[in-house]
Amino acid sequence: MDRDKQKRQKRRQQFFLTWVVLAGLLTGTVGCGSWQHAPYLTDPKIQAGPPENFVTTSDYTMARKRIAILPFRVPAQVTDVSYSITEVFYRQLLEQRPFLTVARVYDNYNTVAEAQKLAKAQGADFFMMGEVPYFLDSGATGRSGIQIDLKIVETATGFTLWYLSDNIMAEPAPIIDLWVTETKPKPGPSVYYLVDTLSERMARTVAKNLQPPDPQMAYSGDNRSNQNKPLCPTP
């Protein structure tokens, strides 16, 4: 009986040691994999679509004029985000300075004629209308995204001089149910972080497109093109 008992104990010890060794090997292998792919496991994925310009302008004098930014129109189920989104774009216009001055309008409007009236009251040469056709805030655990359409309209005529659309989305990194060094991924960013990122992109695009070409570069280019021309004979 004692011999049988000793044999059973030895088998248990051998099984336990084998299990410990295998567990260590698996932990080391998965740990190395998680270290190699750490950005994928710990960082959220942010994707931005290419901006689209449906209507553009080449009037560089717009940069020296005054624009009014009106409250952005948002989906009916998230009307409370209009003020915050408009404020973010207002701050970006002040930072990027694509226009000489920016006026903030707080009154709502339903038609372009009403928007013109509000912009004229501010003495603005142009006014900006924002539309948010897509807004999804899933918090830190799900996918979030936003699309924003901007219109820059001439106050005097009501003509659309610029129509720009852009979008951005983010989702947290997936949770991998394995033995890894870190099983809790970094949560997704706030939807207002996406709004701030998108507004910076769009304001920078407007500022860049309103910059006229450098006259010195154009002049030097003309000089280079004239270097190879034959000299005119003197009379």
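The values are calculated or read from the model by the stated rules, or taken from the named source; none is laboratory data. Owing to the predicted nature of the structure, the values given are computational and were not obtained by experimental measurement. With ideal geometry, Cβ positions are generated from the backbone for all residues, glycine too; neighbour counts draw on all protein chains shown.
Just to be sure, is P185 closer than 16 Å to A48 by Cα, surrounded by 15 or more Cβ atoms within 10 Å (Cβ to Cβ), more than 14 Å from the chain's Cα centre (by Cα) and modelled with pLDDT under 95?
Criteria not met by P185.
Are there any pairs with C-beta distances below 6 angstrom linking a residue in the stretch 175-204 that is closer than 12 Å to G139 by Cα to a residue that is at pLDDT below 70 and surrounded by fewer than 16 Cβ atoms within 10 Å (Cβ to Cβ), with the two at least 6 apart or on different chains, and if so which?
Qualifying pairs under 6 Å: P187/A140; G188/A140.
Applying the selection to the stretch 47-96, what residues are among the β-branched types (V, I, T) and part of a strand (DSSP E or B)?
The answer is V55, I67, I69.
So, in the stretch 107-129, of the ones that are of a type in the set (D, E, K, R) and under 22 Å from A76 (Cβ atoms), which residue ends up surrounded by the fewest Cβ atoms within 10 Å (Cβ to Cβ)?
D107
Could you count how many residues in the stretch 91-106 are under 16 Å from the mean Cα position of the chain (by Cα) and either surrounded by fewer than 19 Cβ atoms within 10 Å (Cβ to Cβ) or over 20 Å from R64 (Cβ atoms) (or both)?
Here the count works out to 2.
Give Y83, Y109 a once-over and let me know the one that is of a type in the set (F, W, Y) and touching a helix residue (DSSP H, G or I) at 6+ places or on another chain (Cβ under 7 Å).
From the options Y83, Y109, the qualifying one is Y109.
Which of (1) in contact (Cβ under 8 Å) with a residue 40 or more places away in the chain; (2) assigned to a strand (DSSP E or B) is the odd one out, the single condition D149 does not satisfy?
(1)
Restricting attention to the stretch 17-24, does a residue exist that is more than 18 Å from the chain's Cα centre (by Cα), at pLDDT 85 or above and surrounded by fewer than 15 Cβ atoms within 10 Å (Cβ to Cβ)?
no
Each row is one residue, and each column tells you yes or no for (1) under 24 Å from the mean Cα position of the chain (by Cα); (2) modelled with pLDDT of 95 or more; (3) not in a loop (DSSP other than H, G, I, E, B).
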position	(1), (2), (3)
N108	no, no, no
Q116	no, yes, yes
A119	no, yes, yes
A124	no, yes, no
S138	yes, no, no
T141	yes, no, no
G145	yes, no, yes
G158	no, no, no
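Kindly indicate whether any position in the stretch 61-75 is surrounded by 20 or more Cβ atoms within 10 Å (Cβ to Cβ), modelled with pLDDT of 95 or more, under 30 Å from P213 (Cβ atoms) and among the β-branched types (V, I, T).
There is at least one residue in the stretch 61-75 that is surrounded by 20 or more Cβ atoms within 10 Å (Cβ to Cβ), modelled with pLDDT of 95 or more, under 30 Å from P213 (Cβ atoms) and among the β-branched types (V, I, T).
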